[in-house]
Every structure is written in C-alpha cells, then in structure tokens.
Number of protein chains: 2
Amino acid sequence: MDTSKTSNTVFTNHVAEEIDATVSSLSPSGVFVLVDRNTEDTVLPRMQMLSKAIASATPISIAPGDDNKTVDALTHVWKQLSDNHATRSSVLINLGGGMVTDLGSFAASTFKRGIPFINVPTTLLAAVDASVGGKTGINFNGLKNEVGTFSDARKVIISTMFFNTLSMTQLRSGYAEMLKHGLIDSGQTFNTLLAYHVEQQDTDRLLTLLKDSVAVKQAIVDQDPREAGLRRALNLGHTVAHAFESVAIERKSPIPHGYAVAYGLVVAAVLSHMKFDFPSTELHKLSDYVRSNYGAFAITCDEYPHLLDIMSHDKKNLYPDTFNFTLLRAPGDVATDTLVTPAEITAALDIYRDLLGLA
Amino acid sequence: MDTSKTSNTVFTNHVAEEIDATVSSLSPSGVFVLVDRNTEDTVLPRMQMLSKAIASATPISIAPGDDNKTVDALTHVWKQLSDNHATRSSVLINLGGGMVTDLGSFAASTFKRGIPFINVPTTLLAAVDASVGGKTGINFNGLKNEVGTFSDARKVIISTMFFNTLSMTQLRSGYAEMLKHGLIDSGQTFNTLLAYHVEQQDTDRLLTLLKDSVAVKQAIVDQDPREAGLRRALNLGHTVAHAFESVAIERKSPIPHGYAVAYGLVVAAVLSHMKFDFPSTELHKLSDYVRSNYGAFAITCDEYPHLLDIMSHDKKNLYPDTFNFTLLRAPGDVATDTLVTPAEITAALDIYRDLLGLA
C-alpha cells in the first residue's frame, strides 16, 4: 500500500520529544492541552514532567466518555480557548482517547475558523482510528458524530508507551477497528490479525500490526479525504455499530465503540454473505473470534424497528428511508453503497443473534 | 481585476428560476430553507409562490438580529435538520441577511460534516459581504464570529429584487462595506462610491456598483481563501467595528454592522494617516461622508481600556496583547498586519471623536 502521504502520522516511543519538536515548529502564540478527567489524572502529570510544551500549556479538561461528547463540552472548550486569549496561531494538543481527539479536533477546526491541533492518542482505538484521517465531531440529537468537520491534525503522534496502562477492554475495543482494516485490506491481513489476541500483550507485535493497520486507513483516506466514495469502505460494520451504541446509551449502559464495531462487522459479514456470497468460512472465523473475545450485544426482535430507525439517520444514507451499507464480496474486496432492505437487515440481525449465541 | 473564478456568484433578477435550477442540479434528497422571523414574514411567502424548490422546502426559522447569532440558534438548526432526516445530499438554502447566511452556512458546513448550501442574500450587506467568500460563523463569548468555518456556498444568488424592501438604514449598512472595497481597490473606485448616496435609490446604478464591489472581494478571496495574508485586506476597519458592535450589544442597543464598519474605516484611516501618511484629503472625504450619512458612535475616553481589551481578542492578532491592523498607505495600497500600539489606537479614537463631532 502507498504510505508516501502518511507523513503527518508518527510512530515513536519518544512521544514528549516529538510533541516538543512539533509545537516548536509551529512557533505558537500559546499552547493548550485538552484532556478528559481520566487522562488528566493518569497521563497529564507524567507528560508535564517529560514535555516542555505540555508543561507550559494551559490545560482544558472535560468529562470522559462518549456520552459527554456533546455541544456542552464543545462549548466549554471554545470558552476556555476564548477566555485564555487563544489566537489563530495558538495550538491545541488533544491528549486522550477518541472522544478527546474527535471533540478537540472539532473545537480547534472551528475556533476562530480554525487553529492548528496535534493529536496524541492514548488508547489503541484512538491510535488506529479516531486520531487519523481528519474526521472530527460530536454526538448530537442522540446520533453519533452528527455534526463535525473534515480537518487534518498537523501531526498525529502515536506511541505504545500509553498502551501499557490500558485495560483488556480498551485494547479489545481498539483491536476491533484493526480487524475492520484487515477485512478491507486482504484475506491475508485479516487472518494475520485473527492469530493475535490482545491478552498476549506482545507490545512489539501489536505495534507492527498497528502500523500496518493505520497504513491501510491512511491509504484510503489519502485517495478520498471527504468520503465521496472509496472512503466509505472504512464504514464497514459501522451502521449497525452506531445503532447498537445509541441503544446502549438509551439503556444507560454504554458499550465501548470497538465492541460495537466487532458486532457490526458480524452483521455486515452476514449481509455480505447474503448479497455477495462472502465466504461462510471467513464469516464463521470472524463470528467465532468476536464471540470469544467480545461476547455479544443483546437485542430482541422487538427492538428491530427502533434499530432500523436509528440506522435510517446514518450519514452514509444518500436518501431518507434507504440503507446504504458497506459490504464485502470477500476480504479485500469492498462493495460500498450497497442498498439493503429493512427485511434483509432484520434477517441479518436474526443470524447475528444465532452466531453470537443470543437466540 | 480577475473575475474568472466568480462563477459561484450570480447576479440575476430571476432569482426563483436561478434557485430552482441550482437546486435541481444538485438532485438533493431534501431541501431546507433557513429564514429569520423577518424574512419568514416578508420574503418567504413570496418566494414560495415563485420557486418550486422553496415551495417544497422544509422551513427552519430563527430569531433575527446579530445578538441571536448564537450557539443556541446553531443548535436549533442542527436539530431541525436532524429531526427532519436531512442527509449529506440534502441542501440548505439560506434566505436572509448576513446573520442568516453566516449561521446557516456554519450549520450546513458542520451538519454530518458538511452538506451543500446556497446563499440568497436579502440585504445589501449580505450581498456585498456576508454571503460571498466562504466565511461562516456565530458570535461566541461576547465576540463576533468567534467560531465558524471556511466553507463555500454552492451558489450565491444576488438579486436587487429584495433591495426595494430595505430601509435606508439597511442600505447604508451594506454600502459601508462597498466603501471599504473601494478604499482597498483604488482611489478611483473610492471616489466613484462617494458620489452615490443610497437616498438616490437608483437601483441600476447601485447594481453596477455592487457587481464591481463583489468582484473586488472575490478577486482577493480567490487568491487567499483561508486568510493567510492578502485576504486580511478585507478586515479594513473591522477591528474597531467589532469592538464598537460588542460595546453596543453590552449597552443593549446594537448598531447595524455596516454603521460600525463606517466608523471603523474612519479610525483605520486616521491610523493610516498617522503611520503611513495616508492622504489627509482622502481621510476628510471619508470622515465627511461617514458623518453625514452614518452619524457617529458615541464613546468616551473612559471606555478606551475596555475597547482595547475587546480588540485584543481580534482573530487577526497573531499574538496576545498585540494589535494587528489592516491599514492603507493610500486608497488601493493596503498594508496588512500592521502592528499598532495601544497609545496609537487611543490617539486615533480621540481624532475619530473630533472628526465625527463627538468631542
């Protein structure tokens, strides 16, 4: 794959030096660092010791978790920037998981119509997905990332240094996005990923897999930054994932994004099998991996109409009351913009429940 | 000047036909029209009769006036789009003055990370300035356009048809931005503009002047869409204008944007004379025109520190506690990014009060 344009993403174990060098190259009028209450406690003090730029930065803190990725939190960041006299040549460092990088990037890309920002993902999920590719946003009206911008970070600085502090749940959540990239890239990449389990905690192995995974995404984004077509490949599994996440939030019991993606990949693979003869061997390899590593998200058939209603809001749908899915003919062979019917989705959800032992 | 790239701005007296043709060319999944309570009453019913696209559109209405250009109004527009199942291929028509086009463009450029929008300015101010050039935004934290994006309308449709309904105050407000473009363009353009007074109500003459004025702006924006340098020419008069507007809002007695620009142009011309020997004849022609057409915005020297504090937040300032002004060596000879001191601004405000009869 073409990695020539990945220069704004850096993999390093000298994260503080990289941050300082990047900030220094921008000659900013002021430096701000966005954290959530978790990274404020666990990561920020350490980074303030290691990085001159972060030591001198004005911290802005927001409540953690996807259910706090709101207009109110966005407004809080804007207000802190404004009150502390941030200018167009100030820089915002987003230090945290995907919620911090998504919301912080949106705030920076709109404050004074855009100031530079740097993403320093502290979770595997943010490293593999959220911080790379220029999608920013917040949840709104009960819908994930309903508003946002396309806006690139000046630099994305990825280090496995942070990953040692992550729980198995957080690692699995990120790994699901890597599985998605594997399915999009090739059967070989997919099978290589299935051979690894996050419990192994082999940091070197994980870093190699992660670099390849980010490169898969970056190659797609470089060709279609605004999601006019090809980039929709990256939405594999996400229509259902977002619906599951919305329902989980309504139940006051949110699930990690990557877990929702894992379940969504199973539903997408089922639909792919129904419509494109996606190989059943690959489908079962996927569903077995998901079932043993991620369990299942419990849904009943009574909830199907509500799930369909949520899916009808999906950004990929070009027309109301239609459902545009990204599906696969086989691993590595993506079919974007596939129209599926409500009946097909319903049937696929039935099979999902079977495969993951819910029925 | 180069007008080759002005194709997304159309001057027409067949505004409904142009709207319908533009909407039709987008094959949208849904059409939405943003109005404020004023244009909802006065313009929308007429346009619903004339335009099929607007007749079929879902109206979204917000409270009028710059003090309603808020996060709350923005959130309302996002919610209406979301609740009514707008998709990425829906289109939003912004039908109103600069507040409607600024806020509507910001909402559209961020809803689902960006949907197409069309600006149909109904005021001279919006036609000459707000709807052209891709600046979107809302006021925030007491500061004008503190958040927003750079995002181009698919089309800007300008018609003098709406101008017959405008008050003299509204016409004068727009005309001040035309004076600004004249000062930026050349002494000849500036003097041609001084020879016209909006009370003449010569629509053909005004349309000619307007076309030239939009072309001045468009030529600058085309060369520097993101305001990296040259475009700051268009901020002439605006640092002081925004400060006056903020103070007027604090006094619960807002002034029209163009009036603030007229006063700001006088202060900028005074500073230009102090720092660059801008010709005093031109300065006096300007201040006489402003005094007789716009009166003056009353300020006392006790308010200078507060005005300076507001100016210190200006988006053009690259560093805190400095003041970057756009000034003129002569009409047509712009000096962007001129650092001025608080003492110089204070002196210029004194002279402004003298020139406009306030002292």
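The values are calculated or read from the model by the stated rules, or taken from the named source; none is laboratory data. None of the values given here were measured: they were computed from a predicted structure. Cβ placement follows ideal geometry from the backbone for every residue including glycine, while neighbour counts extend to all protein chains displayed. Side chains included, ligands, DNA and RNA excluded: accessible areas come from the protein's heavy atoms. Shrake-Rupley method; radii C 1.70, N 1.55, O 1.52, S 1.80 Å.
Over the Cα atoms of region B:128-251, how large are the radius of gyration and the largest Cα-Cα distance (Dmax), in Å?
Taking only Cα atoms of region B:128-251, I get Rg and Dmax of 15.1, 41 Å.
Run the label-point distances for B:D333 please: 7 Å along Cα to Cβ, every other copy, nanometres, shortest first.
Output for B:D333: 7.0 nm, nearest copy listed first.
Cut-off 20 Å, label point 7 angstrom out along Cα-to-Cβ of B:T70: give me the residues of region B:82-125 whose amide nitrogen falls inside.
The answer is B:97-108.
Report the far tail of the P(r) of region B:225-314, meaning the percent of Cα-Cα pairs longer than 15 Å.
Numbers: 2528 of 4005 pairs.
Summing the P(r) of region B:225-314 above 15 Å gives 63 percent of all pairs.
Dividing the convex hull volume of the alpha carbon atoms of chain B by its residue count, what do you get in Å³ per residue? Before the final figure, lay out the partial values.
On the way: hull volume 43.5 nm³, N = 359.
It comes to 121 Å³ per residue, whole-number rounded.
Of A:K217/B:K112; A:K180/A:K217; B:K135/B:K275; B:K144/B:K315, which sit over 18 Å apart, Cα to Cα? Present the calculation step by step, with values, prior to reporting the outcome.
Numbers: A:K217/B:K112 20 Å; A:K180/A:K217 10 Å; B:K135/B:K275 30 Å; B:K144/B:K315 10 Å.
Those over the limit are A:K217/B:K112; B:K135/B:K275.
Give the distance, in whole Å, between the Cα centre of region A:293-315 and the Cα centre of region A:74-105.
The distance from the Cα centre of region A:293-315 to that of region A:74-105 comes to 33 Å.
Take the Cα gyration tensor of region A:2-135, multiply each eigenvalue by 5, square-root it, and list the three semi-axes largest first, rounded to whole angstrom. Display every interim value, and only then the final one.
Numbers: eigenvalues 77, 60, 51 Å².
So the three semi-axes of region A:2-135 are 20, 17, 16 Å.
For the residue pair A:A330 and B:S25, what label-to-label distance in nm results when each label sits 7 Å from Cα along the Cα-to-beta-carbon direction?
4.4 nm
For a Förster distance of 35 Å, can you work out the FRET efficiency between the beta-carbons of B:D309 and B:T169, rounded to the nearest 0.05?
0.75
Please report, for B:N13, the nm distances (one decimal) from its label point, 7 Å out from Cα along the beta-carbon direction, to the equivalent points in the remaining copies, shortest first.
The answer, with the shortest distance listed first, is 7.6 nm.
Determine the per residue accessible area of region A:73-226 with all protein chains present and a 1.4 angstrom probe, expressed in square angstrom.
Numbers: 4170 Å² over 154 residues.
The answer is 27 Å² per residue.
Pop out the Kirkwood hydrodynamic radius of region A:289-359 from its pairwise C-alpha distances, inverse of mean 1/r, in Å to one decimal.
After inverting the pairwise mean of 1/r, the radius is 13.5 Å.
How large is the charge dipole for region B:93-244, taken about the Cα centre, if only the Cβ atoms of Lys, Arg (+1) and Asp, Glu (-1) carry charge, to the nearest 20 debye? Mind showing how you got there, number by number?
Details: 14 positive and 13 negative charges, 88 e Å.
Roughly 420 debye for region B:93-244.
Kirkwood Rh over Cα pairs of region B:4-80 into Stokes-Einstein at 10 °C, 1.306 mPa s: D in µm²/s? Provide the component values of the computation, followed by the final result.
Values: Rh = 13.9 Å.
Answer, rounded: 114 µm²/s.
Nothing charged except the Cβ atoms of Lys and Arg (+1) and of Asp and Glu (-1): what's the magnitude of the dipole of region A:203-359 about its Cα centre? Round to the nearest 20 debye.
380 debye
Where does the protein assembly as shown land on Rg/Rh, using Cα atoms and the Kirkwood Rh? Let's see the in-between values first.
Values: Rg = 27.5 Å, Rh = 27.1 Å.
So for the protein assembly as shown, dividing Rg by the Kirkwood Rh gives 1.01.
What's the carbon and sulfur percent of chain A's accessible surface, probe 1.4 angstrom, rounded to a whole number?
50 percent
What is the projected area of the convex hull of the Cα atoms of region B:185-233, averaged over all directions, in nm²?
Numbers: hull surface 15.3 nm².
So the mean shadow area of the Cα hull is 3.8 nm².
Report, in order of residue number, the helices in chain A meeting two criteria: a C-alpha extent of 15 Å or more along the helix axis, and a mean Kyte-Doolittle hydropathy of at least 1.6; treat each whole DSSP H run as one helix.
Span-like helices, by this rule, are absent here.
Got the B:T165 label distances to the other copies yet, label 7 Å along Cα→Cβ, in nm, shortest first?
When each copy's label point is compared with this one, the spacings are 5.8 nm.
Averaged across B:143-154, how many Cβ atoms of other chains sit within 10 Å of each residue's Cβ atom?
Mean shielding by partner chains, rounded to a whole number: 3.
Give the Cα extents of region B:178-328 along the principal axes, in whole Å, largest first.
The Cα atoms of region B:178-328 stretch 43, 34, 31 Å along the principal axes, largest first.
For region B:55-125, list log₁₀ I(q)/I(0) at each q in 0.15, 0.22 Å⁻¹, using the Debye formula over Cα point scatterers of equal strength and ignoring solvent, two decimals each.
-0.43, -0.95
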